[in-house]
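Only the coordinates and a few stated rules stand behind these numbers; no lab work does. Predicted, not measured: the structure shown is a model, and the values here were computed from it. Neighbour counts run over all protein chains shown; Cβ positions are idealised from the backbone, glycine included.
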Amino acid sequence: MDIAALVPGAVGIALSPLPVASVVFLLGHRRGYGSAVACAAGWMAAVAVALVIAVSVGEQLPAPTDGPPVQALVALVTSVVLFVLAAWQWVRRRLPDGSPASTRWADAMEALGPGHAFGLGALLFVSPKSVVLAFAAGLTLGDADPRAAPTVVVGAVFVLASGVVVLLPVVLAVALGPRAERPLEAMRSWIARWGVHALVVVLVVLGVVQLVIGLTGLR
């Protein structure tokens with residue numbers, strides 16, 4: 001199992017501005033930290049479910065033959081998807097960054113309890129970028145024995161790494177208490193202003209990485 005091949009997927013999933021901004025907003029929720037933690041947990045649970053599904057699909061794939069390796073083809077397809085998403089996002093130049101852009105949106109977020117916030121976190125994962133990266137990572141894990149302890153550990157680390165950025169606002173809020181209000185607000189403002197640009201850069205870089213992986217695998 002090539003662990004290095006999992007790194008781009010984990011980084012790409014982790015660098016998702018929308019769930020981070022949503023968690024930051026929910027930290028100011030009148031219900032306290034519960035909804036923010038539930039949203040982050042829903043995001044990580046969705047990553048884990050997608051990874052398990054992809055591993056199961058990878059197990060069913062035929063053994064490599066003289067034809068092109070499946071992983072190389074998946075990497076090439078993933079690179080194309082990422083480049084298309086980058087172009088679309090750049091043209092669109094708009095990112096729903098989680099800031100209360102309207103009273104209706106803010107009121108809806110304020111009404112979220114932990115259960116619905118968990119569902120929101122899981123729903124936010126369902127984007128082309130996150131799904132294709134999780135699928136590619138799952139195929140890599142599927143090459144190894146999914147029941148072996150090292151594979152399970154690597155999968156757990158992948159899920160944790162994919163959720164570390166979403167968990168960061170919660171950690172800051174718990175560690176700093178009231179003093180976390182300023183850095184959290186700065187984080188949300190940065191996402192609102194630069195989130196779309198950062199997302200395009202991440203998509204292009206990941207597309208290049210997947211393209212290199214795919215071309216290398218075809219040799």
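Segment Ile3..Val77, full-extension length gain: 24.6 nm, with 0.36 nm per residue of separation and the alpha-carbon distance subtracted.
Evaluate E = 1/(1 + (r/R0)^6) for Ala192 and Ala156, where r is the Cβ-Cβ distance and R0 equals 41 Å; express this FRET efficiency to the nearest 0.05. Calculated transfer efficiency: 0.80.
Is the C-alpha gyration tensor of region 145-203 telling us rounded, prolate or oblate? Criteria: a/c under 1.5 is rounded; beyond that, a/b larger than b/c is prolate, otherwise oblate. Display every interim value, and only then the final one.
Numbers: a/c = 6.98, a/b = 1.63, b/c = 4.29.
Taking the square roots of the gyration eigenvalues as a ≥ b ≥ c, region 145-203 is oblate.
Between Val174 and Glu59, the simple spin-label model (points 7 angstrom out along Cα→Cβ) gives 3.2 nm. Radius of gyration (Cα atoms) of region 112-219, expressed as a multiple of 2.2 N^0.38 Å: 1.34.
The protection proxy used here, the mean number of other Cβ atoms lying within 10 Å of each residue, ranks peptides 118-131, 41-54, 173-186 as follows, highest first: 41-54, 118-131, 173-186. Computing FRET efficiency as 1/(1 + (r/R0)^6) for Val205 and Glu181, where r is the C-beta to C-beta distance and R0 is 35 Å, gives about 0.65.
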